[in-house]
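Engineer: Sharing a structure here in structure tokens format.
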Amino acid sequence: MKVYNASTISNCIKKASQLAVLNSKSFSNVLIFAEDKITLSLELEICSLSGGGFMNIDVCTFKRYISSKNGGLSCLSKESSVMAVRKLILENQSIFSCFKNSLLKPNLPILLYELISQLKSAKISPLDLNKVIENDSLNLSSSLLYKIKDILLIYSKYEDYLTQNSLIDNNDYLLYCEGN
């Protein structure tokens, strides 16, 4: 594998475009992954270098590529996931046990999403949290038990939200790609 250095974005676009056009003559399909903000610039430069058109060069973001390969399943950004958690908090605030007093804190959705991310990274599912409540509730303080119940509520509602809307989040993104 060769590594090319570019001191500016425009130099990077020029070099990547040159390499894509050069390789398009040797390969049936050339795929370029780029940040969303420079994909159009890359396509325009490739058009310019190839004489106005290209058929076997594809420029896309990694997210767009994965989405096209998995039937249009979309991936939520961290910001979108936090907004979904915020919505779920507002919809379920009347049944919270522990977090009723925290509803006015603006960082609650962020903190809950980060906790969900950590739980997912540790491969702890809502079912696992439910087992803790069922099996260990006598060993837990009431405040910890209520907190776990509220976390379980939002975590399971969040997972349901993803499933119902055919979405994945950043935590499942590479795992999903790996499985398909």
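The values are calculated or read from the model by the stated rules, or taken from the named source; none is laboratory data. Computed from a predicted structure; not experimentally measured. No Cβ is skipped: glycine too gets one built from the backbone with ideal geometry, and neighbour counts run over all protein chains shown. All accessible areas refer to the heavy atoms of the entire protein, side chains included, with ligands and DNA or RNA removed. Shrake-Rupley method; radii C 1.70, N 1.55, O 1.52, S 1.80 Å.
Engineer: If the Cβ limit is 7 Å and pairs must be 6+ apart or interchain, which residue in region 38-49 that is β-branched (Val, Ile, Thr) pairs with which residue that is in a helix (DSSP H, G or I)?
Structural biologist: Hits for this filter: Ile38/Ile9; Ile38/Ile13; Ile46/Ser17; Ile46/Ala20; Ile46/Val21.
Engineer: Only residues that are closer than 14 Å to Ala84 by Cα and either among the charged types (D, E, K, R) or modelled with pLDDT of 80 or more (or both): list them for region 161-172, please.
Structural biologist: Keep residues of region 161-172 that are closer than 14 Å to Ala84 by Cα, which gives 161-170.
If the condition is that a residue be closer than 14 Å to Ala84 by Cα and either among the charged types (D, E, K, R) or modelled with pLDDT of 80 or more (or both), then Tyr161, Leu162, Thr163, Gln164, Asn165, Ser166, Leu167, Ile168, Asp169 are the ones that fit.
Engineer: Consider Ile168 against the criteria (1) aliphatic (A, V, I, L, M); (2) outside any helix (DSSP H, G or I); (3) surrounded by fewer than 15 Cβ atoms within 10 Å (Cβ to Cβ): it satisfies all of them except one. Which criterion is unmet?
Structural biologist: Checking Ile168 against (1) aliphatic (A, V, I, L, M); (2) outside any helix (DSSP H, G or I); (3) surrounded by fewer than 15 Cβ atoms within 10 Å (Cβ to Cβ), the one that fails is (3).
Engineer: Looking at region 89-106, can you tell me whether even one residue there is in contact with a Phe, Trp or Tyr (Cβ under 7 Å, 6 or more places away or on another chain), at pLDDT 90 or above and in a helix (DSSP H, G or I)? Steps first, please.
Structural biologist: Step one: filter region 89-106 for residues in contact with a Phe, Trp or Tyr (Cβ under 7 Å, 6 or more places away or on another chain), giving 97-98.
Filter once more, keeping what is at pLDDT 90 or above: none.
No, there is no match, as no residue in region 89-106 is in contact with a Phe, Trp or Tyr (Cβ under 7 Å, 6 or more places away or on another chain), at pLDDT 90 or above and in a helix (DSSP H, G or I).
Here is a yes/no grid of residues against (1) assigned to a helix (DSSP H, G or I); (2) at pLDDT below 90; (3) surrounded by 18 or more Cβ atoms within 10 Å (Cβ to Cβ):
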{"residue": "Ser117", "(1), (2), (3)": "yes, no, no"}
{"residue": "Ile124", "(1), (2), (3)": "no, no, no"}
{"residue": "Leu127", "(1), (2), (3)": "yes, no, no"}
{"residue": "Glu134", "(1), (2), (3)": "yes, no, no"}
{"residue": "Lys147", "(1), (2), (3)": "yes, no, no"}
{"residue": "Ile154", "(1), (2), (3)": "yes, no, yes"}
{"residue": "Glu159", "(1), (2), (3)": "yes, no, no"}
{"residue": "Leu174", "(1), (2), (3)": "yes, yes, no"}
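Engineer: Assuming Leu138 fulfils every condition listed in (1) more than 29 Å from Arg64 (Cα to Cα); (2) out of contact with any Ser or Thr (no Cβ under 7 Å at 6 or more places or on another chain); (3) of a type in the set (A, V, I, L, M, F, W, C); (4) surrounded by 11 or more Cβ atoms within 10 Å (Cβ to Cβ) apart from one, which condition is it?
Structural biologist: That leaves (4) as the condition not met.
Engineer: I would also like to ask the following. Within the group Ala16, Ala34, Ala20, which residue is within 25 Å of the chain's Cα centre (by Cα), open to solvent by less than 100 Å² (accessible area, probe 1.4 Å) and either at pLDDT below 85 or within 17 Å of Cys60 (Cβ to Cβ) (or both)?
Structural biologist: Numbers: Ala16 fails: within 25 Å of the chain's Cα centre (by Cα); Ala20 fails: within 25 Å of the chain's Cα centre (by Cα).
Among Ala16, Ala34, Ala20, only Ala34 is within 25 Å of the chain's Cα centre (by Cα), open to solvent by less than 100 Å² (accessible area, probe 1.4 Å) and either at pLDDT below 85 or within 17 Å of Cys60 (Cβ to Cβ) (or both).
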